[in-house]
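Q: Before I ask anything, here is the structure I am working with.
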Amino acid sequence: MDMLLQKTAETTIVWPEEADSVAIRGTFSNDKKLWWKETIPLMRAVDVPRYSVTLALGPGRYEFKFILNGSDWRISSDRYD
């Protein structure tokens with residue numbers, strides 16, 4: 001099936017704590033060779049210690065980790081269904 005024909009849904013990923021910088025890496029690409037290699041930065045909210053990014057994702061299950069301050073890898077207990 002043509003990947004362009006698959007439906008996507010906007011999914012917002014949030015890190016709700018203070019950090020100098022926040023990014024994610026995971027299994028977002030259709031190309032498995034790129035899994036865990038592409039860094040996606042999260043944007044900091046103006047008035048609160050909250051970072052977020054909204055991605056258009058196709059159907060399926062995705063795995064990812066947060067990267068705080070460039071090198072501190074973390075997971076979240078939140079689920080993004």
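The values are calculated or read from the model by the stated rules, or taken from the named source; none is laboratory data. Predicted model only: the values in this text are computed from it and were never measured. When the accessible area is computed, the model is the full protein with side chains, heavy atoms only, and any ligands, DNA or RNA have been set aside. Shrake-Rupley method; radii C 1.70, N 1.55, O 1.52, S 1.80 Å.
Q: Using the heavy atoms of the protein chains alone and a 1.4 angstrom probe, what is the accessible area of the chain per residue in square angstrom?
A: 76
Q: Whenever you get a sec, compute what percent of the accessible area on the range 9-81 sits on carbon and sulfur atoms (1.4 Å probe).
A: Working: 2560 of 5190 Å².
That share works out to 49 percent.
Q: Something else: Which entry in (1) 5.8; (2) 6.6; (3) 6.2 matches mean projected area of the Cα convex hull in nm² derived from the coordinates of this structure?
A: Derived directly from the coordinates: (1).
Q: Once amide H atoms are placed 1.01 Å from N in the peptide plane, what residues at a sequence separation of 5 or more from residue 50, or on another chain, have their amide H within under 5 Å of its amide H?
A: Result for residue 50 returns 45.
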